[in-house]
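The values are calculated or read from the model by the stated rules, or taken from the named source; none is laboratory data. This one's a predicted model, so the numbers in the text were calculated from it and none came from an experiment. Cβ sites come from the backbone with ideal geometry, for glycine too, and all protein chains shown count toward neighbours. Calculation scope for accessible area: heavy atoms of the full protein, side chains included, ligands and nucleic acids excluded. Shrake-Rupley method; radii C 1.70, N 1.55, O 1.52, S 1.80 Å.
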Amino acid sequence: MRSDGSQSAPLGLKIAAAWALLFLHLPILLIFIYAFTTEEKSFVWPPPGLTTQWFAVTWNRPDVWEALSLSVRVAAISTAVALVLGTLCAAAVSRTRFFGRETISLLVILPIALPGIITGIALRSAFSLAEIPFSFWTIVLGHATFCVVVVYNNAVARFRRTSGSMIEASMDLGADGFQTFRHVVLPNIATALLAGGMLAFALSFDEVIVTTFTAGQQQTLPIWMLEELIRPRQRPVTNVVAMVVVLVTLLPILLAYYLTRDGDQIAGSGK
């Protein structure tokens, strides 16, 4: 028992937690190490030597930049679409009562609950039936299906923690709908939208399965990495790119966590 009254975890539980963390993060650590190896054609442990030359090689590979540019553009537009649609759906579901509300809520979250391969096959079939050629926009539509869910989940939770009395007070004081949204609703849901947007961007940036069915001949960064693993030219380059992807996706997730961890109180509940 500690002096502050909290009870220390048993030694066995600490050891189990340490092994679990090692199991989860050791492969990521290996990616970072192999980004500096001097061995070009295979993964040898321990690495025969360490070098930073692969960062310069990666920087000068135009195929890496093309794939990175495509991934960033797809993720940005998919996130923007998700922010609009996810917020509107969340507002409708949390603030109004209508027939079929729970069914609509289920349909909104269904794409992320289904296996990615099912979503990918469904989208590919729909595009084929509609005779829509595979392009940048088919990737965006595919990614938006699950990005909307992430934004929706964050927004609907925050809407439900925002007291309706604040909106009623704003309307009673003469504000119209847009003014109420801008000065009352948006400040209360802004961090949830920002967190949802960053999570959506991270999910879109490293998505593989749905992209495979909707990209055609285009290569986002994860698809490029998969192709490089199958037919490698310079293996350490793939690890350098993987390290960048880990950092790019980790930072938004951490920031989203810090933005939403204190959002359990109902705004305006004391008014």
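Binning all Cα-Cα separations of the stretch 78-146 at 10 Å, short to long from zero, yields these whole-percent fractions: 18, 43, 31, 8. For T37, the residues whose amide H sits under 5 Å from its own are T51, ignoring neighbours fewer than 5 places away on the same chain, with H placed 1.01 Å from N. Surface calculation, 1.4 Å probe, protein heavy atoms: Y258 sits at approximately 130 Å² accessible.
Distance between the pseudo-spin-label points of L114 and E131 (7 Å out from Cα toward the beta carbon): 2.5 nm.
Let me check something: with ligands and nucleic acids excluded, how do R97, R61 order by accessible area (1.4 Å probe), largest to smallest?
On the way: R97 205, R61 20 Å².
The most accessible residue leads, giving R97, R61.
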